[in-house]
Amino acid sequence: MTLFHISIFSAAAILFSVLAKGRWRNWLMLAGSVLAIYWVQSVTPIRYLDFWLPTATLALVGVVWALSWAGGDEKPDQRETLITAAVLIGLVLIVGLLRYAGPLCCLTPSRPPQIWIVGIGLTLIAGLVFGVERGLTGKRWAVIGTIIGLLGLLIVLKTEPLTEFASAGIRSLMGQSVEQASAFDIRWLGFSYVAFRLVHVLLDWINGRLPAVSLQEFVIYVVFFPAFTAGPIDRVDRFVRDLRAEYTFTPTDLYEGGQRIVIGILKKFVLADGLALLALSGQNALQVESTGWLWVMLYAYAFRLYLDFSGYTDVAIGVGRLMGITLPENFERPYLKTNLTTFWNSWHMTLAQWFRAYWFNPVSRRMRTAKKWPVWAIILFGQITTMVMIGLWHGVTWNYAIWGAWHGLGLFVHNRWLNVMRARLRKLDERPALKKAYNVLCVVFTFHFVLLGWIWFALPTVDMAGAVFAKLFGM
């Protein structure tokens, strides 16, 4: 999001909350969120793709809702479902019709396809969702297949060779040059977060933990515009509770929400963007001869990354607050934590909680049930695989995988250290000064462990990261 996007979103949130009461609040939130995902979508060199990617997001939302709720024990209100579907189709048609609006064109970065093509696309999507609702609702194999499909699509989008191959295929269909295909052609904004929200819903359906949710509520949950591009990853049951609660806009909401937005803007557009000028990157890493200056660049990168990401989260939480939605926190002073476990309980918390709930805990339980694995092996396998997958969520590269393994091993070593030293560490409670000094030392050590791990995260190749490590330590 740009500063202009944030300004419009903030103004729209206030306007919604002041003018919209009762059920109108949700309808306006739905319309605003759907239109926003077209507006913030990045421009692509593939013709019409910046229109079809947000449309595909809505199609996936419809399919997952039809799989999970349309045939549940609590039947959805058919009239409201049809109205919601009609509103969604109408909004997409409006976006498409802006092609003919002259100076008002367009909401998407480039001109949408001709309206008859949009009509055909919407007809196919409606037929798909209707077919799923009639024939596949509540089918476990269909839910599992959809989860695999969503994760497979995420892998394609995160793996440059696969994305480039997909780009070539789409270019061929559009009659464009295949030779110019690039991994950067397909920039599906928000898909990483959309996929995890949808997979969370499907996994909760499998485990019997899914509450009844209307199509209107589900669409708002998935594409809620403050959290669409950069999270946090909310849970559907928590989000819907806020959505259904009576809400009256108050001066306190304006002050606290506005304050959070201003703090986020200062973090992102003043501090983080300022640090970006000297932060470590693939462009400047090998040009620096001074070891001291390289350390400065690494520190700048660490704080720039935190301020950038937490700044966007502050904006999302602030705009949500203006609309009566309390989005979950994502950061809690992570660089001041005394160990790696508490760091990951305070850095990108909703992502870490997602992997803990849907991978680490189930895998650990199954390994314990098998009774073939010692405790240390369960912890080692669970932590390394969890952190490697968190790394690969950012991109399927060796550097992201190594960054994940770096943190997984760090978490395992801390777990074993704590297991051995727990009794001795309790004795520090009797010596406050020594305990304070120990905690300070732990904060410094943990921060620098995380700091060195950012080298793998910041640089594109293993060789480049290795060269930076060597230079940092004078080798």
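What follows is calculated from the coordinates using simple rules that are stated; it is not laboratory data. Treat the numbers as computed from the prediction; the structure is a model and nothing was measured. Virtual Cβ from ideal backbone geometry, glycine too; neighbours counted across all protein chains shown.
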For this session: Could you let me know the centre-to-centre spacing of the stretch 1-42 and the stretch 305-374, using Cα atoms, in angstrom?
Result: 26
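Rounded to the nearest 0.05, what FRET efficiency do Leu97 and Leu336 give with R0 = 56 Å and r taken as the Cβ-Cβ distance? Could you check?
Working: r = 52 Å, r/R0 = 0.93.
Computed FRET efficiency for Leu97 and Leu336 comes out at 0.60.
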For this session: Measure off 7 Å from each Cα along the Cα-to-Cβ vector at Leu173 and Arg134, then give the distance between these two points in nanometres to one decimal.
Result: 2.4
Exercise. Using the per-residue mean of other Cβ atoms lying within 10 Å as a proxy for protection, in what order, highest first, do the peptides 205-214, 263-272 fall?
Worked result: 263-272, 205-214
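Just want the ordering: Asp253, Asp237, from fewest to most Cβ atoms lying within 10 Å of their own Cβ.
Numbers: Asp253 19, Asp237 14.
Going from least to most buried by this count: Asp237, Asp253.
Give the longest segment of the chain that steers clear of GluC sites (Glu not before Pro) in DSSP loops with at most 10 neighbouring Cβ atoms within 10 Å, not counting the sites themselves. Mind dumping the intermediate values first?
Values: sites that count: Glu74, Glu179, Glu246, Glu289.
That would be 290-475.
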Seminar exercise, completed: If the label point sits 7 Å along Cα→Cβ of Ala357, residues of the stretch 11-29 with amide N under 20 Å come out as none
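Between Ile206 and Leu271, 0.36 nm times their residue separation minus their Cα-Cα distance comes to what? Don't skip to the answer; put the middle values down first.
Working: separation 65, 0.36 × 65 = 23.40 nm, distance 4.37 nm.
The Ile206-Leu271 span can extend by a further 19.0 nm.
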Exercise. For Asn345 and Arg431, what does the FRET efficiency come to when R0 = 30 Å and r is the distance between their Cβ atoms, rounded to the nearest 0.05?
Worked result: 0.70
For this session: Per DSSP H run of n ≥ 4, the term is -39500 (n - 2.57); total these for the chain, divide by its residue number, and report the mean residue ellipticity at 222 nm rounded to 500 deg cm²/dmol.
Result: -22500 deg cm²/dmol
For this session: Figure the gain on full extension for Ser42 and Ile83 (residue separation times 0.36 nm, minus the Cα-Cα span) and round it to one decimal in nm.
Result: 11.8 nm
Exercise. Only one of the listed values, (1) -0.43, -0.94, -1.27, -1.42; (2) -0.42, -1.04, -1.41, -1.57; (3) -0.34, -0.86, -1.20, -1.38, was derived from the coordinates as log10 I(q)/I(0) by the Debye sum over Cα atoms at q = 0.07, 0.11, 0.13, 0.14 Å⁻¹; which label is it?
Worked result: (2)
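Let me know the shape class of the stretch 335-472, please: from the alpha-carbon gyration tensor, a ≥ b ≥ c as square roots of the eigenvalues, rounded when a/c is under 1.5, otherwise prolate if a/b is greater than b/c, or oblate.
Values: a/c = 2.01, a/b = 1.12, b/c = 1.80.
Note, shape of the stretch 335-472 comes out oblate.
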Problem set entry | Modelled label reach - Thr291, point 7 Å along Cα→Cβ, the stretch 458-475 residues with backbone N closer than 16 Å | 467-475
Exercise. Got a sec? How would Arg140, Arg244, Arg356 order by Cβ neighbour count within 10 Å, fewest to most?
Worked result: Arg140, Arg244, Arg356
For this session: Could you tally the net charge around Thr446, taking each other residue with its Cβ under 13 Å from the Cβ of Thr446, Lys/Arg +1 and Asp/Glu -1?
Result: +2
Exercise. Considering the chain, which cysteines have no disulfide-compatible partner, defined as another cysteine with its Cβ under 4.7 Å away?
Worked result: Cys442
For this session: Report the net charge of residues surrounding Met297, where surrounding means a beta-carbon distance below 13 angstrom and charges are Lys +1, Arg +1, Asp -1, Glu -1.
Result: +1
Exercise. Ranked by Cβ crowding within 10 angstrom, fewest neighbours first, how are Val462, Val396 ordered?
Worked result: Val462, Val396
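Net charge near Thr108, counting Lys/Arg +1 and Asp/Glu -1 over other residues with Cβ under 14 Å of its Cβ? Walk me through the intermediate numbers first.
On the way: positive: Arg47, Arg99, Arg111, Arg187; negative: Asp50.
Computed value for this residue: +3.
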